[in-house]
Structures are given as C-alpha cells and as structure tokens.
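Visitor: Structure provided below as structure tokens; questions to follow.
The values are calculated or read from the model by the stated rules, or taken from the named source; none is laboratory data. What you see is a predicted model, and the numbers here were worked out from it, not measured in a lab. Counting neighbours? That spans all protein chains shown, and the Cβs are built from the backbone with ideal geometry, glycine included.
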Amino acid sequence: MSARTAECQIEVVLFDVGGVLLTNGWDHRERAAVYDHFGLTAAEKAEIEARHPAPYDAWERDAISPDAYLDEVVFFVPRRFSREEFYARMREVSQPIADSARRTLEELAASKRYGVGVLNNESRLLHAYRMEAFGLCGLLQFQFSSCYLGLRKPEAAIYRRALDILGREGRRVLFIDDRAENVAAAQAAGMEAVQFTGESALRAVLADRGLL
C-alpha cells in the first residue's frame, strides 16, 4: 500500500437514501403524486404546499409527530379521505430507482472491509418504513437519519455528529449523495464525498479509490 493510499484509506461508507438508493421519501414529486391520487384541486395543492415547509422541517427532525405534521399541512380542514389512507399512500410512493447504488451498497456490505450506513434527511415514519420494506436494515451498520439526530443536511452539525458517533476522522469516511450542496457540506466538515450521478459513474470512482 502506498503512503498516499494509507493516508486516504476509507473505513466507513455512508449513503444518502432518496435519489441514491430509492425515490425520495416526501419531496415535491412524491407529494404531487399523493395529491393527484386523492384528486386535490390546484387551489388545495397550493394551500398545502404553502403550509408545508416549517412543519416538514420539524417533522424530519422528529420534533413533531406525524399527526401534528398532517394536522398543520393537510387536515386543517375536513378532507374526502382519511388520515390512514393518506399515510398509506405516502408509503406507497416510495419505490426503488432504476439506476440506484443498491448493488454497490450490497457489495461493500458483503466485503466486510468497511462500515456501511446511511446519512439522510427523513421523518421517522418514512425512514423506518423504507429501511424495512426495501430490505436495507440488514445491510447497514449505521443509520444517521435526521429523525434520530435532530439535525438535517446540509447543516454542518449533522456531519460532525456522525463523525463523533463513528469515532473516525473525516478523511476515513466517504459520503455519497445526489445533491451537490450536501456533498459540499460533507467535504467542508472534513469527509470525503462523492456526488451520485448513476451507478456506473459511482463504481468507477470507488474502483479508482480502491474500494471495489
């Protein structure tokens, strides 16, 4: 092993979830699909979207319950559908993505050479569902989700907290995310970071670094 390879040796690989392994959990596309499913009008959609940002931030930090989020954002007036129906549809819009990093995650986990985990923004309700429904729990050693840490990307504190819990220097941790601002924030916190643009490109970068 060269001196440079030893200096840059990665011990932990952390993946984002939405846009890397699965569709996003509750981003604008997922919300739009659920609104359309229930036949909401353009005016109803606009009002819900206007009410969404602040409660959603709190919900992803686990500062409020799922019911509190929906009370503020959706069920502030009577609806033609139930809360249970809405929750069910929220879960159903999560799906695998075609060009995901799933195979790479499985390969790294199976190698036993690295600690493998996720670092994502997600509500407790959807994170727990997605980890279980898509068989991710058994592949992961670490789950650094906003709902567990009370912090969200791209805040510097979430990356520092993950490093503190891992007990690793940032240069020993590689983070993979599809959003440039999250990659830049991880790098500013001292992590190695790669922007995910597709599985082939990711595998080429990891192979170049000697991880695959």
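Visitor: Can you find even one residue in the range 2-20 that is at pLDDT below 95, assigned to a helix (DSSP H, G or I) and of a type in the set (Lys, Arg)? Outline the logic, then answer.
Guide: Of all residues in the range 2-20, those at pLDDT below 95 come to 2-9.
Next, only the ones that are assigned to a helix (DSSP H, G or I) stay: 3-7.
Those left that are additionally of a type in the set (Lys, Arg): 4.
Yes, the range 2-20 contains at least one residue that is at pLDDT below 95, assigned to a helix (DSSP H, G or I) and of a type in the set (Lys, Arg).
Visitor: Is it the case that Glu72 is farther than 20 Å from Arg179 by Cα and loosely packed, with under 15 Cβ neighbours inside 10 Å?
Guide: Values: farther than 20 Å from Arg179 by Cα: yes; loosely packed, with under 15 Cβ neighbours inside 10 Å: no.
Spelling it out, it is not the case that Glu72 is farther than 20 Å from Arg179 by Cα and loosely packed, with under 15 Cβ neighbours inside 10 Å.
Visitor: Further question on the same structure: Does Glu92 fit the bill of being closer than 14 Å to Glu30 by Cβ, acidic (Asp, Glu) and out of contact with any strand residue (DSSP E or B) (no Cβ under 6 Å at 6 or more places or on another chain)?
Guide: yes
Visitor: Being in contact (Cβ under 8 Å) with a residue 60 or more places away in the chain, outside the structural domain of Ala201 (by TED's automatic domain parsing) and in contact with a Lys or Arg (Cβ under 6 Å, 6 or more places away or on another chain), is that true of even one residue in the range 105-125?
Guide: Taking every residue of the range 105-125 in turn, none turns out to be in contact (Cβ under 8 Å) with a residue 60 or more places away in the chain, outside the structural domain of Ala201 (by TED's automatic domain parsing) and in contact with a Lys or Arg (Cβ under 6 Å, 6 or more places away or on another chain).
Visitor: If you take the residues of the range 89-119 that are outside any loop (DSSP other than H, G, I, E, B) and of a type in the set (A, V, I, L, M, F, W, C), which of them is farthest from Phe142 (Cα to Cα)?
Guide: Pass one, the range 89-119, residues outside any loop (DSSP other than H, G, I, E, B): 89-92, 96, 102-111, 115-119.
Restricting the remaining residues to those that are of a type in the set (A, V, I, L, M, F, W, C) gives 90, 105, 108-110, 116, 118-119.
Values: Met90: 25, Leu105: 13, Leu108: 14, Ala109: 11, Ala110: 15, Val116: 6, Val118: 6, Leu119: 8 Å.
The extreme case among them is Met90.
Visitor: Take the residues in the range 168-199 that are among the small types (Gly, Ala, Ser) and closer than 18 Å to Thr23 by Cα; name whichever of them is nearest to the chain's Cα centre (by Cα).
Guide: Residues of the range 168-199 among the small types (Gly, Ala, Ser): 170, 180, 184-186, 188-190, 193, 198.
Adding the requirement that they be closer than 18 Å to Thr23 by Cα leaves 180, 198.
Working: Ala180: 14, Gly198: 16 Å.
Per the criteria, the residue is Ala180.
Visitor: Mind checking whether some residue in the range 34-51 is outside any helix (DSSP H, G or I) and exposed (fewer than 14 other Cβ atoms within 10 Å of the Cβ)? Spell out how you get there, then give the answer.
Guide: So in the range 34-51, the residues outside any helix (DSSP H, G or I) come out as 38-41.
Narrowing the set further to residues that are exposed (fewer than 14 other Cβ atoms within 10 Å of the Cβ) leaves 39, 41.
Yes, the conditions are met somewhere in the range 34-51.
Visitor: Say we look at the range 135-159 and pick out the residues that are among the charged types (D, E, K, R) and in contact with a helix residue (DSSP H, G or I) (Cβ under 7 Å, 6 or more places away or on another chain); which of these is farthest from Asp178 (Cα to Cα)?
Guide: Arg152
Visitor: Under 30 Å from Leu202 (Cβ atoms), within 19 Å of the chain's Cα centre (by Cα) and surrounded by fewer than 16 Cβ atoms within 10 Å (Cβ to Cβ): which single residue out of Glu60, Glu30, Glu106 fits that description?
Guide: Among Glu60, Glu30, Glu106, only Glu106 is under 30 Å from Leu202 (Cβ atoms), within 19 Å of the chain's Cα centre (by Cα) and surrounded by fewer than 16 Cβ atoms within 10 Å (Cβ to Cβ).
Visitor: I need every pair where a residue in the range 131-150 that is touching a residue at least 40 places away in the same chain (Cβ under 8 Å) has its Cβ under 6 Å from the Cβ of a residue that is hydroxyl-bearing (Ser, Thr, Tyr), sequence separation at least 6 or different chains.
Guide: That search, which allows pairs on different chains as well, returns Cys147/Ser123.
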